[in-house]
Amino acid sequence: MTPRERFLAALDLQQPDRVPMFDFLFQQPLYEALIGRRPEHYNGRDAVACALALNHDGVWLPFGGFSGYRPKFLRDRVYQDEWGTVYQKDPASWPIDAPIEYPIRTRADLKGYVPPDPTLPGRDAEIVAARGANTGDLALLGGVQGPLTTAWLLMGYENICYALHDDPGLLTEVFRLSNEFFMEAAKRSVAAGCVGMWVSEDLGDSHRGFFRLEQYRRHVLPPFVELVDEVARLGVPVLLHSCGCISAFLEDLAGTKIRSIHPMQRTAKMDLRAMKERYGRRLCLIGNIDSSRTLPYGTPAEVAAEVREAIDIAAPGGGYILASDHSLHDGIPIENIREMFRTGLEYGGSFYRRT
């Protein structure tokens, strides 16, 4: 099987020739070690090269800025993006910086707000570049934001909480403008060559979900379903990235048209065995290798043991893709990253022949 075929087979809950592998490639030194160059910005050509060097089967390609776009720097290391959100640039957070100021707090802010135009030329440039560099037939996977993620970046969590109590309609409007942008983004990503679409929508922290179930079902789930339904109509699988403890929302999520769940964060009490037993025939499971403890602080032998354990639990029958439970971030030694995917290739390569 080619990497693309292998990845898509796992999403279809089939048993491929070996356990597929994937991750979010969020570490500049990793690129330097594997492909001999250190990208200033996340880009399609380098992401494909790095994924191929790790024997991955898919690569993440987010919908991007338009041709010639540059963020507006307000002061040293502080910039404003085209959505109006202000970020603090920090090498440790590459490639996704943390927001520090938000453009929408009130209805008055929303009334005068003009969202970006998803149709401007060049937004799919990195997907096109990745397609040209994809000599190994990786699964090219687009990336869009869920409506809650956009609200978080436009309003901040505190203002979301106030709006839930005081003015839920404000949230509804922000969710709507997010979906309008990212439905078009998904359409253009698929047209540019993506064979699957990630939706990023964090729903919890390490201890609990961000909302009571009633709030989630009433305010947050409907616009998410609207986005997922529209992306699914494009004829590609929808993959959900949602960090944190999201157990309370899983039954609702499994009832949508998403095809997979990622990253099943170990430090957030996301138990892989329980996930396989309850959702393994409904959702492809992606992740669960501990990026908070084992990968950054463990020995290569401990990393290898955790990889084998995850494969033994989640791979039987198909429907598992090996990945970390967040991303390959700066705190993880390159030796441990190499060991993770070396073990995945060797142990996962013979797994279905042994079982």
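Each reported figure results from applying straightforward, stated rules to the coordinates on display, with no laboratory input. The model shown is predicted, which means the values in this text are computed figures rather than measured ones. Glycine also receives a Cβ, built like all others from the backbone with ideal geometry; neighbour counts cover every protein chain displayed.
May I ask for the Rg/Rh ratio of the chain, computed from Cα atoms with Rh as the Kirkwood radius, given to two decimals? Walk me through the intermediate numbers first.
Numbers: Rg = 19.5 Å, Rh = 20.6 Å.
For the chain, the value is 0.95.
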Below 8 Å, C-alpha to C-alpha, sequence gap of six or more: please give me the relative contact order for region 1-121 in percent.
17 percent
Can you sort His41, His329, His262 so the residue with the fewest Cβ neighbours within 10 Å comes first?
His41, His329, His262
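For the chain, what is the mean residue ellipticity at 222 nm derived from helices alone (per DSSP H run of n ≥ 4: -39500 (n - 2.57); sum divided by total residues; nearest 500 deg cm²/dmol)? The partial results should precede the final answer.
Values: 14 runs with 150 residues, N = 355.
About -12500 deg cm²/dmol.
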State the volume of the convex hull built on the alpha-carbon positions of region 1-130, expressed per residue in Å³ and rounded to an integer.
157 Å³
Could you rank the peptides 213-220, 110-117 by their average count of other C-beta atoms within 10 Å per residue, with the highest value first?
213-220, 110-117
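Which of the helices in the chain meet the span-like rule: DSSP H, Cα axial reach of 27 Å or more, Kyte-Doolittle mean at least -1.0? Could you put the intermediate results ahead of the total?
On the way: long enough: 168-192 (36 Å, 0.24); 334-354 (29 Å, -0.81).
Passing helices, by number: 168-192, 334-354.
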Set of aspartates and glutamates with alpha-carbon distance to Lys257 below 12 Å, sequence-local pairs under 8 removed
Glu226, Asp229, Glu230
